[in-house]
Amino acid sequence: MKQWYESLFENYARKYDDEVFVQGTIGECDFIEREIGHDKSVKIIDIGCGTGRHAVELAKRGYTVTAIDLSESQLKSAKEKARKQGLKIDFQKLDARNLPFTGEFDLAIMLCEGGFPLMETDEMNFEILKNATRSLKDNGKFIFTTLNGLFPLYHSVEKFCASEGKEGNATYKSNTFDLMTFRDHNTTVFEDDAGNKKELNCNERYYVPSEITWLLKTLGYKKIDIFGAKLGAFSRKDKLTPEDFEMLVIAKKGEDRVD
């Protein structure tokens, strides 16, 4: 049986690109570049690349990018964008829980819930972190965003999503946040690219910073920093608070060398 996240992305590429939460690409890639010192030799893997917005922008700036996603429809849109701009990006249809890479990349990015934390169990979500980590070289860096578990303790997720969306975007209703599992269950209503209206029962896992830190330490990361994730304006100056819907995580495998 298909999971909700597989059904959601079956035919939802053009509409997805209109969603409010995917409009921060340029600023987010500016931040990524700063984090890697604008070093064009850095090999990047984009996990859960969706319609390829970060992969395309980074390739345009001269980086070597491998981009993976589970959705045929999203990848088709991503490939089309790259083709139109004459960019060479290695797009692959892969499951983030089972990646074939070992020690190949200097940087892994996983932005806008690129797989993690959409999986149906905590174990599956952890598999994504494990596979991303295995893909990295010994001194690699991992930058990702995920849902901030502090937010639903203070705010209604349903009200937040309603206030942030615009006409034509997906809507979320009947949200219930489970304090025992930190999962938000909701009904997502959206129109796919063919104009069909669909309703899906979804659930996403929210994480608190200490959980993320512990999971990453378990995987051998030496330095883990967590900040608030502002759309299109990632910054190490934004301290994470309960007002942030997402958190920005920057983790480094090896110690920084002092030359």
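Observations on the model:
- For region 154-169, the condition holds for no residue, the condition being that it is over 27 Å from SER73 (Cα atoms), in contact with a Gly (Cβ under 6 Å, 6 or more places away or on another chain) and outside any strand (DSSP E or B).
- Enumeration of residues in region 33-56 that are in a helix (DSSP H, G or I), more than 15 Å from LYS79 (Cβ to Cβ) and without any contact (Cβ under 8 Å) to a residue 40 or more places away in the chain: GLU33, ARG34
Yes/no per residue for (1) under 14 Å from the mean Cα position of the chain (by Cα); (2) surrounded by fewer than 24 Cβ atoms within 10 Å (Cβ to Cβ); (3) modelled with pLDDT of 95 or more; (4) not basic (Lys, Arg):
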{"residue": "GLU19", "(1), (2), (3), (4)": "no, yes, no, yes"}
{"residue": "VAL22", "(1), (2), (3), (4)": "yes, yes, no, yes"}
{"residue": "LYS40", "(1), (2), (3), (4)": "no, yes, yes, no"}
{"residue": "LYS43", "(1), (2), (3), (4)": "no, yes, yes, no"}
{"residue": "GLY50", "(1), (2), (3), (4)": "yes, no, no, yes"}
{"residue": "ARG53", "(1), (2), (3), (4)": "yes, no, no, no"}
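- Residue count for region 21-32, restricted to those that are in a helix (DSSP H, G or I) and either among the aliphatic types (A, V, I, L, M) or over 16 Å from MET110 (Cβ atoms) (or both): 5.
The values are calculated or read from the model by the stated rules, or taken from the named source; none is laboratory data. From a predicted model like this one, the values you see are computed outputs, not experimental measurements. Here Cβ is always computed from backbone atoms with ideal geometry, including for glycine, and neighbour counts include all displayed protein chains.
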